[in-house]
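Enquirer: This is the structure I want to talk about, given as structure tokens.
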Amino acid sequence: MEDHENRIQTLAEWLYESHHLVVFTGAGISTESGLPDFRGPDGMWTRRDKGLPPPPSSRSWEAVEPNSGHRTIVKLQAMGKLKFLISQNVDNLHLKSGIRPDLLAELHGNIAKLRCTRCGKKVDKSTAMTACECGGDLVRSVVNFGESLPERDLMLSFEHARKSDLFVVVGSSLVVTPAADMPAEALRAGAKLVIINQGETPFDRHAHLRFGERIGDVLPRAVKRLKRMMGMFE
Ligand SMILES: [Zn+2]
């Protein structure tokens, strides 16, 4: 317990000292919202690729709301601490929680957005548009296995990983490349690496700080301390 407190305190101090904080999120942040796993053995996308309907017990993704993990990252944005957010998730919860689109890379696309094949612009699915203003076709933005990742998102992610002095992984097992190359890029650039994930990752022995606890038990508490250090009160 004491060890847990010490690590929370260290994370808060590193957040305080950081000049270029990059947060990297994976499915683990959204499962705490009750979202079904998309890519797992019985995940929605795995099933869809096999031509099966969504698992019967799963809630519709539109009904899923951001949780304390998502909201805490928005707080880091509001405090001017977050310089960039890289996500492997397609569930739209970061944008729904209030993350600025220009601070976000969605490496695997977004279930609520269409993408222009010509200019790369993203449009809400709900607009029911079929062509972009530039004349390009609008297609689903979600990237399936084997398809190339969106260029702008990928480029910005590597750029910010290289600039980062603190790189915080939240709920990813860091096994899907090229996303998993980003912590390595950050380490090469001299950043401190923090991993908050309930399962093992290939980067665990390189991490400067490691949390195996739930995201909701780590991130909100560290940011609360950070706020106090910055002289801000809830
Ligand atoms: Zn376009």
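The values are calculated or read from the model by the stated rules, or taken from the named source; none is laboratory data. What you are looking at is a predicted structure, and each value in this text was computed from that prediction instead of being measured. A quick note on method: Cβ atoms are made from the backbone with ideal geometry, for glycine too, and the neighbour counts reach across all protein chains shown. When the accessible area is computed, the model is the full protein with side chains, heavy atoms only, and any ligands, DNA or RNA have been set aside. Shrake-Rupley method; radii C 1.70, N 1.55, O 1.52, S 1.80 Å.
Enquirer: Would you be able to tell me the number of residues in the range 153-181 that are over 19 Å from Gly69 (Cβ atoms) and open to solvent by less than 30 Å² (accessible area, probe 1.4 Å)?
Expert: So the count comes out to 6.
Enquirer: What are the pairs with Cβ atoms under 6 angstrom where one residue, in the range 117-133, is in contact (Cβ under 8 Å) with a residue 12 or more places away in the chain and the other, located anywhere, is more than 13 Å from the ligand (Cβ to nearest atom) and hydrophobic (A, V, I, L, M, F, W, C)? Sequence gap at least six, or different chains.
Expert: Lys125/Ala112
Enquirer: Let me spell it out: the conditions are (1) touching a residue at least 24 places away in the same chain (Cβ under 8 Å); (2) under 15 Å from the mean Cα position of the chain (by Cα); (3) part of a loop (DSSP other than H, G, I, E, B), and Thr177 meets all of them except one. Which number is the exception?
Expert: For Thr177, the failing item is (1).
Enquirer: Hey, among the residues in the range 136-164 that are over 19 Å from the mean Cα position of the chain (by Cα) and away from the ligand (no atom under 14 Å from the Cβ), which one's modelled with the highest pLDDT?
Expert: Result: Arg140.
Enquirer: Further question on the same structure: I want to confirm something. Restricting to the range 81-135 and keeping residues that are over 30 Å from Ser173 (Cβ atoms) and among the hydroxyl-bearing types (Ser, Thr, Tyr), which single residue is nearest to the ligand (Cβ to nearest atom)?
Expert: Only one residue fits best here, namely Thr117.
Enquirer: If you don't mind, another one. If Val176 satisfies every condition in (1) over 15 Å from Phe24 (Cβ atoms); (2) out of contact with any strand residue (DSSP E or B) (no Cβ under 8 Å at 6 or more places or on another chain); (3) not small (Gly, Ala, Ser) but one, which is the exception?
Expert: (1)
Enquirer: Can you tell me which residues in the range 15-28 are crowded, with 18+ Cβ neighbours inside 10 Å and either in a strand (DSSP E or B) or out of contact with any Asp or Glu (no Cβ under 9 Å at 6 or more places or on another chain) (or both)?
Expert: Hits for the range 15-28 are Leu15, Leu21, Val22, Val23, Phe24, Thr25, Gly26, Gly28.
Enquirer: Just one of the numbered conditions (1) closer than 25 Å to His19 by Cβ; (2) open to solvent by 60 Å² or more (accessible area, probe 1.4 Å) is not true of Glu200; which one?
Expert: Just one mismatch for Glu200, condition (1).
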